[in-house]
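See structure below.
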Amino acid sequence: MEEFEKEIGDCRISVVAHSLGACALATKIEEIKDKVEKIVLIAPALNQKDLLRYWFVISQMEKSSPDIDITWQNYKEYLDENDFVKDCQRSDNVKFLLFPGKPSQLKKST
């Protein structure tokens, strides 16, 4: 953030963010609000808790049962929450490079 502030100086900027970038921007809004004139969010990925579980189920089913078609409507039927949490707790898990917080802060999706 310091580099960002040095670069723009006293200027107010407009920010355009897409998908996951919109989520990342949302975590910094308080820090940059005085520097931002306008924010445009294009297709923000707002439901990350369910989206991560959906991707997890797809990746697991591709390995174990590739003939089953996983959709947004049926993925919860195949979700094992305990397996999902274990996967998230792996230290090499890329999800936590993208999302702030610790794996122990995961909560079950409702």
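Results, tabulated for the structure shown:
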| read-out | value |
| --- | --- |
| Sequence-distant residues sharing a close amide H with I39 (under 5 Å, placed H) | V15 |
| Packing-based ranking, highest mean first, of 63-74, 15-26, 33-44 given that Cβ atoms within 10 Å are counted | 15-26, 33-44, 63-74 |
| Where N is the number of residues in the range 2-42, Cα Rg divided by 2.2 N^0.38 Å | 1.12 |
| Whole-Hz ³J(HN,Hα) from phi, Karplus 6.51 cos²θ - 1.76 cosθ + 1.60, for the range 57-68, glycine and proline x | 4, 4, 5, 5, 6, 4, 7, 8, 8, x, 7, 8 |
| Amide H contacts under 5 Å for H18, placed H, 5+ residues apart | I42 |
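A short reminder: the numbers here are calculations on the coordinates, not readings from a lab. No experiment lies behind these values; they were computed from the predicted model shown. No Cβ is skipped: glycine too gets one built from the backbone with ideal geometry, and neighbour counts run over all protein chains shown.
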